[in-house]
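Everything below concerns the one structure shown next.
The values are calculated or read from the model by the stated rules, or taken from the named source; none is laboratory data. Computed from a predicted structure; not experimentally measured. When we count neighbours, we look across all protein chains shown, and the Cβ atoms used for this are built from the backbone with ideal geometry, even at glycine. Keep in mind that these areas ignore ligands, DNA and RNA; they rest on the heavy atoms of the full protein, side chains included. Shrake-Rupley method; radii C 1.70, N 1.55, O 1.52, S 1.80 Å.
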Amino acid sequence: MVLNVIAVLAALAGLLAAVAHGGYLAMLGSAANRRAGGEPVSQYVRSRLPGAAVTVGVALVALLLSTGGPAADILAILAGAGSGIVSYQALQSTR
């Protein structure tokens, strides 16, 4: 029971970080498209979007894994925490 709660929380935290990174990229790309001379920023955003999509996918898989047994919970903790850490670092480097 406790392991499952930890797995769900880790998966949700990873998903939150991944969605925050994707949202920041979307806002940055939208602002760059509206400005004259924003093409370099727009290209940068387009190059970062696949990584953001992968981290969201991993976080969603972690959330699905958290519905399984104890072995799946451990994998969910690893995947959720890993996607959260990668997303947070990517968000910091994007800023």
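With Cα atoms as the point set, the stretch 56-95 shows a radius of gyration and Dmax of 11.3, 38 Å. Only Cα pairs under 8 Å and 6+ residues apart enter the sum, and on that basis the relative contact order of the chain stands at 46 percent. Can you give the net charge of the other residues whose Cβ lies under 12 Å from the Cβ of L25, counting K and R as +1 and D and E as -1? Neighbour charge sum, excluding L25 itself: +3.
Shown for the chain is the translational diffusion coefficient from the Stokes-Einstein equation, using the Kirkwood radius over Cα pairs, a temperature of 37 °C and a viscosity of 0.692 mPa s: 240 µm²/s. Across G51, G38, G82, mean-square fluctuation computed from a Gaussian network of the chain (C-alpha pairs under 10 Å connected) peaks at G38. For the stretch 10-62, which trypsin sites (Lys or Arg not before Pro) are in a loop by DSSP, counting at most 11 other Cβ atoms within 10 Å? Sparse-neighbourhood loop trypsin sites (Lys or Arg not before Pro): R35. Rolling a 1.4 Å probe over the protein heavy atoms of the stretch 37-95, with every protein chain left in place, gives an accessible area that is 74 percent carbon and sulfur.
Which whole-number value in Å² is the accessible area per residue of the chain, probe 1.4 Å?
Values: 5600 Å² over 95 residues.
Result: 59 Å² per residue.
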